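Visitor: Okay, handing you the structure first.
The values are calculated or read from the model by the stated rules, or taken from the named source; none is laboratory data. Bear in mind that the values here come from a model prediction, so they are computed numbers and not experimental data. Every residue, glycine among them, receives a Cβ derived from its backbone with ideal geometry; neighbour counts consider all protein chains shown. When the accessible area is computed, the model is the full protein with side chains, heavy atoms only, and any ligands, DNA or RNA have been set aside. Shrake-Rupley method; radii C 1.70, N 1.55, O 1.52, S 1.80 Å.
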Amino acid sequence: MFLALPTILLAQTGSRTPVVRATGEATVTAKPDRAEIDIGVVTEARSAEDAAAQNARGTAAVLEKVKGLLKASGEVRTVNYSLNPRYIYPQNVAPVLEGYTANNTVQVTVDDLGLLGKLIDASTGAGSNTIGGIRFTLKDDQSIRVEALRRAAQKARANAEAIAQSLGLRVTGVLSAESSESGGVVPLRQPMMMARASAAPAPIEAGTIDVHASVTVTLAIA
């Protein structure tokens, strides 16, 4: 748990009630148990029909491999499909239509992180030529967020009470508490890229996820 230095304020409310205010911060670290990865097939052809047909065959082959590996350990959904003309631009003349590009990208959600490397290799072997950034998440992050808030709230109150005690004041109650949270998703920051099949499964390290909470409490004092 990381605890930041609090911001502290001795103030008075609109009703002239003396208060002391302090902030506590906490970070809880957890190991991810879910990942999302974008797998795509890009094809080019002279005609739109050929580009779309080639893409459909390639995507079907990739999906067969992916679903065969996943079984009940994840799900697949389409997140992008496009079919666009491709031009070349000679100098001093009008653009010339060179062909068409079809792109079909599916997002694979997998709960067995040990399958990630196999999914990448199986996809590229079946015809996928784009792999998107991998995002590691938690299937249920509520308990982690609650723990981060609990620790931050305890720290905030302890800070405020320490200030009051050091000034010879007595805490009479809690007037307010405000919180903020962040964290929960860890992307591997990499652009869409051309993928290559390899002899061994692609090495993927999930690392950890940090969930950060900050709580500010206002205590009445006498």
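Visitor: Counting only protein heavy atoms and a 1.4 Å probe, tell me what percentage of the stretch 104-188's accessible area is made up of carbon and sulfur.
Guide: Answer for the stretch 104-188 is 49 percent, counting heavy atoms of protein chains only.
Visitor: I'd like to compare 91-101, 122-132: which one has the highest average count of other Cβ atoms within 10 Å, and what's the full order after that?
Guide: Highest to lowest by the protection proxy: 122-132, 91-101.
Visitor: Taking H placed 1.01 Å from N in the peptide plane, check which residues at least 5 places from residue 34 or on another chain put their amide H under 5 Å from its amide H.
Guide: 137, 139
Visitor: What distance in nm separates the two pseudo spin-label positions at residue 33 and residue 165, each 7 Å out from Cα along the beta-carbon direction?
Guide: Label at residue 33, label at residue 165, 3.8 nm between them.
Visitor: For residue 101, what residues show an amide H to amide H distance below 5 Å, using hydrogens built from the backbone and excluding near sequence neighbours?
Guide: 84, 86
Visitor: Using amide H atoms built 1.01 Å from N in the peptide plane, name the residues 5+ places from residue 79, or on other chains, whose amide H lies under 5 Å from its own.
Guide: Those qualifying (amide H under 5 Å, at least 5 residues apart or on another chain) are 105, 106, 107.
Visitor: Along the stretch 143-159, what does the Karplus equation 6.51 cos²θ - 1.76 cosθ + 1.60 (θ = phi - 60°) give for ³J(HN,Hα), rounded to whole Hz, x for Gly and Pro?
Guide: Each residue's phi maps through the Karplus curve to give 5, 5, 5, 4, 5, 5, 5, 4, 5, 5, 5, 4, 5, 4, 5, 4, 5 Hz.
Visitor: Whole-Hz ³J(HN,Hα) for each residue in the stretch 27-35, computed from phi via Karplus 6.51 cos²θ - 1.76 cosθ + 1.60 with θ = phi - 60°, x for glycine and proline: what do you get?
Guide: The phi angles translate into 10, 10, 9, 9, 8, x, 10, 8, 9 Hz.
Visitor: Let me ask something else about it. Starting with the highest mean, order 60-67, 43-50, 103-110 by the number of other Cβ atoms within 10 Å, averaged over the residues of each peptide.
Guide: Ranked by mean Cβ neighbours within 10 Å, highest first: 103-110, 60-67, 43-50.
Visitor: Using the Cβ atoms and a cut-off under 13 Å, what net charge is assigned to the surroundings of residue 103, where Lys and Arg are +1 and Asp and Glu are -1?
Guide: With Lys, Arg at +1 and Asp, Glu at -1, the neighbours total -1.
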